[in-house]
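**Q** Sharing a structure with you now.
The values are calculated or read from the model by the stated rules, or taken from the named source; none is laboratory data. No experiment lies behind these values; they were computed from the predicted model shown. Quick reminder, even Gly has a Cβ in these numbers, built from the backbone with ideal geometry, and neighbours come from all protein chains shown. Just so you know, the surface numbers come from the protein's heavy atoms only, side chains and all, with ligands and any DNA or RNA stripped out. Shrake-Rupley method; radii C 1.70, N 1.55, O 1.52, S 1.80 Å.
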Amino acid sequence: MAGGAALAFVWLLLRPDGGADLARSETEPAFRAEFELTDHTGMVRTQDDFAGRWMLVFFGFANCPDVCPTTLSEVAAVMEGLGSDAERVQPLFISIDPERDTPQALADFVPRFDARIIGLTGTPDQIAKTSESFKIFYQKAEEAAAPDGYTMSHSSQLFLFDPGAGYVASWSYGTPAEDIRADLQERIDR
């Protein structure tokens, strides 16, 4: 019970308010996207590989029963709705379950939603470092009915980073794809 209360408290601290931007100054983003992970084709990728493009970033895991598939479906709808501007956006799915989410597992999972989404994974240390950089929460939770006897609790917001990898905005889980697309389109058009 105490663990659940602690988890709820951490979630309240980390969740964005109704999709509002995290506090930041106008000159410097609250944080930058920083990572070195392996993509679902086996290539090592960093934020520099996506320089000049907007990044839509979501943390999750392939065995997720609901939040992750729903969010990836929304990302696919956003990309579809952007039309030719989709070329200016790179959606990334970063696994918080490196034990199960190998590049091969992500290669089977991620393209089911949209071929433009890149799945990223790494060692437990790489994932921990990346989660610290992005200021997200994740934790392994035993659950007998889940594959391999566990599931993952995690932050569920979708992040947006500008073409220089600076944090711009986040949307809470359940934000409609059309709202995300409209906000992103307005930012791209500026």
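**Q** Which value at 222 nm does the chain reach when only helices count, each DSSP H run of 4 or more adding -39,500 (n - 2.57), with the total divided by all residues and rounded to the nearest 500 deg cm²/dmol?
**A** Helix contribution divided over all residues of the chain: -10000 deg cm²/dmol.
**Q** Highest first, please rank the peptides 136-147, 68-79 by the mean number of other Cβ atoms sitting within 10 Å of their residues.
**A** Output ranking for 136-147, 68-79: 68-79, 136-147.
**Q** Which residue, chosen from Val110, Pro98, Phe134, occupies the Cα position most advanced towards the positive end of the dipole of the chain, where the dipole is computed from +1 (Lys, Arg) and -1 (Asp, Glu) charges on Cβ about the Cα centre?
**A** Phe134
**Q** Order the following by accessible area, largest value first: Arg53, Arg187, Arg88. Probe radius 1.4 Å; ligands, DNA and RNA are ignored.
**A** I get Arg88, Arg53, Arg187, largest accessible area first.
**Q** Could I ask something else about it? Output the relative contact order of the stretch 43-186, whole-number percent, from Cα pairs under 8 angstrom with separation of 6+ residues.
**A** Relative contact order here is 31 percent.
**Q** Once phi is turned into θ = phi - 60°, what whole-Hz ³J(HN,Hα) does the Karplus curve with 6.51, -1.76 and 1.60 give for every residue of the stretch 62-78, x standing for Gly and Pro?
**A** 5, 8, 5, x, 8, 4, 5, x, 5, 5, 5, 5, 5, 4, 4, 5, 4
**Q** For the stretch 134-189, just run the numbers: alpha carbon Rg, then divide by 2.2 N^0.38 Å, N being how many residues it has.
**A** Normalised Cα radius of gyration, the stretch 134-189: 1.53.
**Q** Which percent, nearest 5, of DSSP beta bridges in the chain are antiparallel?
**A** Once the DSSP bridges in the chain are tallied, antiparallel ones form about 65 percent.
**Q** Rg and Dmax of the chain over Cα atoms: what are they, in angstrom?
**A** Spelled out, the Cα radius of gyration and Dmax of the chain are 15.8, 49 Å.
**Q** Only Cα pairs under 8 Å and at least 6 apart count here; give the relative contact order of the stretch 34-106 as a rounded whole percent.
**A** Once divided by the residue count of the stretch 34-106, the mean separation gives 42 percent.
**Q** Given Gly122, Gly81, Gly174, which one lies farthest toward the positive end of the charge dipole of the stretch 65-190, if we put +1 on the Cβ of every Lys and Arg and -1 on the Cβ of every Asp and Glu?
**A** Gly122
**Q** Once each part is reduced to its C-alpha centroid, what is the distance from the stretch 83-133 to the stretch 138-190 in angstrom?
**A** Going from one Cα centre to the other spans 12 Å.
**Q** Further, regarding this structure: Just the accessible area per residue of the chain, please: how many Å² with a 1.4 Å probe?
**A** With the other protein chains kept in place, the chain gives 49 Å² per residue.
**Q** Just add up the charged neighbours of Lys129: K/R +1, D/E -1, any other residue whose Cβ is under 13 Å from the Cβ of Lys129.
**A** -3
**Q** Given a 10 angstrom Cα cut-off, can you work out which residue in Leu158, Leu82, Leu106 is the most mobile in a GNM of the chain?
**A** Leu82
**Q** Let me know the charge dipole size of the chain about its Cα centre in debye, to the nearest 20, where only the beta-carbon of Lys, Arg (+1) and Asp, Glu (-1) is charged.
**A** Charge dipole of the chain: 140 debye, to the nearest 20.
**Q** Just the number, please: carbon plus sulfur as a percent of the accessible area of the chain, 1.4 Å probe, no ligands or DNA/RNA counted.
**A** 52
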